[in-house]
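The structure appears right after this line, and notes come after that.
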Ligand code: GAR
């Protein structure tokens with residue numbers, strides 16, 4: 001139950017890798033910073049994702065949905081939807097989720113799918129810009145400032161309404177790895193839990 005006695009909004013988190021953004025949400029929840037939201041299931045597009053271990057450690061249900069093991073995109077998305085529905089999740093968070101979701105899927109959850117992207121959208125986003133590739137491109141372009149964006153997901157990759165953005169300084173001698181870490185620490189891990197709570201608060205009031 002939330003502070004005002006309302007039931008919390010169930011959240012599904014979709015992951016593919018290390019899961020540090022998932023951890024940021026779980027830690028915020030443990031600190032009581034998500035009064036309206038509760039992570040109820042974690043879905044991974046990779047069976048070996050470390051994010052699954054983080055979910056298990058927090059006692060959260062896990063599901064693996066691997067695109068290559070499915071005969072079609074529909075079958076892949078049906079597994080994800082079943083996981084979402086199994087816990088009654090009303091918010092879907094893409095926390096380093098590296099598989100594409102079709103319009104058939106995204107249109108079912110308008111302004112209920114939250115994505116974190118490691119750049120200042122509209123810069124360095126869309127097709128081909130994910131993970132370290134974003135930071136490599138930022139460094140190659142000689143940018144002095146980068147950042148992260150959390151936004152709602154629609155049918156356009158990285159194109160939905162922006163919730164929050166945070167600038168992060170690019171420093172002399174940065175490598176893609178050091179820049180990725182700074183963008184996560186100073187922006188992603190702060191913005192994403194806040195966006196989850198903001199969305200849950202809005203849905204709880206509906
Ligand atoms: C994060 O930097 C996230 O913003 C990025 O992948 C990383 C996942 O890290 N996502 C994208 O590039 C999506 N386009 P994590 O698994 O440790 O949260």
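Rule-based calculations on the coordinates, nothing more; no lab input. Fair warning: this is a prediction, and the values are worked out from it, not measured in the lab. No Cβ is skipped: glycine too gets one built from the backbone with ideal geometry, and neighbour counts run over all protein chains shown.
Here the extension length gained between residue 178 and residue 69 equals 35.8 nm, from 0.36 nm per residue of separation less the Cα-Cα distance. I'd like the orientation of helix 189-205 relative to the chain: the angle between its Cα long axis and the longest Cα principal axis, in ° from 0 to 90, rounded to 10. The answer is roughly 30 degrees. Using Cα atoms only, what is the angle between the long axis of helix 73-86 and the major principal axis of the chain, expressed in degrees (0 to 90) to the nearest 10? The angle comes out near 60 degrees. Panel order for 174, 48, 78, by other beta carbons found within 10 Å of each beta carbon, from fewest to most: 48, 78, 174.
Axis of helix 20-30 versus longest Cα principal axis of the chain: the two differ by about 50°, to the nearest ten degrees. Rounded, prolate or oblate for segment 23-104? Axes are the square roots of the Cα gyration tensor eigenvalues, ordered a ≥ b ≥ c, and the cut-off for rounded is a/c under 1.5. Prolate, since a/c reaches 1.5 and a/b exceeds b/c.
Between residue 156 and residue 57, the FRET efficiency from the beta-carbon distance, with R0 = 41 Å, is close to 0.70. For residue 140 and residue 33, a Förster radius of 45 Å and the Cβ-Cβ distance give a FRET efficiency of 0.80, rounded to the nearest 0.05.
Oblate is the label for segment 120-201. Its Cα gyration tensor axes, ordered a ≥ b ≥ c, give a/c of at least 1.5 and b/c at or above a/b. Pairs of Cα atoms in the chain fall into 5 Å distance bins, from 0 up to the last occupied one, in shares of 1, 8, 16, 20, 21, 16, 11, 5, 2, 0, 0 percent. From the square roots a ≥ b ≥ c of the eigenvalues of the alpha-carbon gyration tensor of segment 58-125, which class results: rounded (a/c under 1.5), prolate (a/b over b/c), or oblate? In terms of gyration-tensor shape, prolate.
Only Cα pairs within less than 10 Å get springs; with that Gaussian network setup on the chain, which residue of 86, 119, 99 has the largest fluctuation? Fluctuation is largest for 86.
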